[in-house]
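The values are calculated or read from the model by the stated rules, or taken from the named source; none is laboratory data. This is a predicted model, so every value here is computed, not measured. Please note: Cβ atoms are built from the backbone with ideal geometry, for glycine as well, and neighbour counts cover all protein chains shown.
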Amino acid sequence: MSQKPGFASSTRDVPESGAVPKHIAIIMDGNGRWAKKRHLPRFAGHKKGVETVRDVIKTCLERGVSYLTLFAFSSENWRRPEEEVSLLMQLFVRALQHEVSRLRKNGVRLRVVGDLSRFDTQLQKLIAAAEAETASNNALHLTIAANYGGRWDILQAMNRMLTAAPDKSAGWSEADLEAHLCMSFAPEPDLFIRTGGEKRISNFLLWQLAYSELYFTDTLWPEFDEAAMLAAIESFQQRERRFGRTSEQVAQENTARVNKPESNA
Ligand code: IPE
Ligand code: IPE
Ligand code: MG
């Protein structure tokens with residue numbers, strides 16, 4: 001059965017089984033509950049959460065993960081008490097001021113995606129400077145999703161796609177839209193992790209998570225240490241990704257890959 005090009009699905013080639021995920025996307029949840037358990041203000045949990053971010057970046061660098069995308073602030077998080085929002089913004093500013101030189105030295109390229117226009121000018125300038133400072137790195141592509149929402153992303157991409165090509169008689173393709181999504185520079189996430197026990201996507205990368213492997217853990221973000229991260233990667237490595245194919249087809253593709261002569265690899 002032939003496929004109409006305009007309706008081609010993003011179904012991809014089956015990746016090598018047991019491989020380290022190329023792209024990991026994480027909803028870092030549970031900071032508030034971590035603090036509450038200790039009778040601390042919620043902000044203490046967010047502060048502690050920054051240390052986990054540092055550790056997770058280190059693990060990704062060591063294990064050869066190429067893309068790490070972290071949900072730091074959703075478009076819905078503005079609904080939180082004003083004081084918490086303001087403290088989160090201050091924490092973001094502080095992290096940009098203190099962490100960027102380390103990222104640069106470690107070969108990490110930083111990007112921030114989301115509707116940044118709602119942030120104050122100081123924060124917007126810091127983001128632009130941090131992105132510029134790390135622009136030539138490529139050991140790890142670190143993306144922070146801030147004031148990000150999956151529906152917002154799809155809509156802004158659609159608007160930009162229609163501005164670029166207002167009239168396409170053959171119809172627009174998935175590729176036309178994908179080119180305008182915030183994460184167009186990255187492959188789709190192989191592994192999605194959510195800490196903190198909730199089993200939902202909370203308007204994160206709605207388009208891009210179509211075929212990601214999902215991993216939910218009760219561990220709260222401030223306690224998500226190296227062992228917890230490695231457990232998530234190991235769980236991923238044991239999964240069989242089929243992208244609609246049968247198990248037998250996947251096994252055949254893997255055998256063919258193993259038998260492929262070096263020169264053609
Ligand atoms: C996630 O932790 C961090 C942000 C949303 C900024 P939470 O603050 O949502 O923590 P819980 O869910 O209340 O424990
Ligand atoms: C999702 O966490 C957003 C981030 C981690 C930044 P929330 O804790 O805000 O999600 P919901 O609203 O409980 O689903
Ligand atoms: Mg939460």
Worksheet item: Restricting the stretch 161-209 to residues that are among the small types (G, A, S) and surrounded by 14 or more Cβ atoms within 10 Å (Cβ to Cβ), which is modelled with the lowest pLDDT?
Response: S173
Worksheet item: Could you say whether any residue in the stretch 120-139 is within 16 Å of ligand 1 (Cβ to nearest atom) and in contact (Cβ under 8 Å) with a residue 40 or more places away in the chain?
Response: no
Worksheet item: For the stretch 40-54, which residues satisfy the criterion of being away from ligand 2 (no atom under 16 Å from the Cβ) and within 13 Å of L70 (Cα to Cα)?
Response: R54
Worksheet, complete the sentence: Here the residues within the stretch 102-119 that are in contact (Cβ under 8 Å) with a residue 12 or more places away in the chain and among the polar types (S, T, N, Q) are N106
Discussion item. Testing G244 on (1) at pLDDT below 95; (2) closer than 23 Å to S184 by Cα, one condition comes back false. Which one is that?
Written reply: (2)
Worksheet item: Which is out of contact with any strand residue (DSSP E or B) (no Cβ under 6 Å at 6 or more places or on another chain) and among the hydrophobic types (A, V, I, L, M, F, W, C), of A228, A232, A145?
Response: A228
Worksheet entry | Residue check for A139: surrounded by fewer than 19 Cβ atoms within 10 Å (Cβ to Cβ) and over 26 Å from E188 (Cβ atoms) | no
Discussion item. Just checking: which of the helices (runs of 4 or more DSSP H) contained wholly in the stretch 167-262 hold 3 or more residues that are without any contact (Cβ under 8 Å) to a residue 60 or more places away in the chain and within 20 Å of R63 (Cα to Cα)?
Written reply: 226-237
Practice prompt. Working only within the stretch 32-83, note down all residues that are under 23 Å from L206 (Cα atoms) and within 12 Å of ligand 1 (Cβ to nearest atom).
Written response: V53, L70, F71, A72, F73, S74, S75, E76, N77, W78, R79, R80
Discussion item. Can you pull out every residue in the stretch 24-81 that is acidic (D, E) and either over 22 Å from M229 (Cβ atoms) or more than 12 Å from ligand 3 (Cβ to nearest atom) (or both)?
Written reply: E51, D55, E62, E76
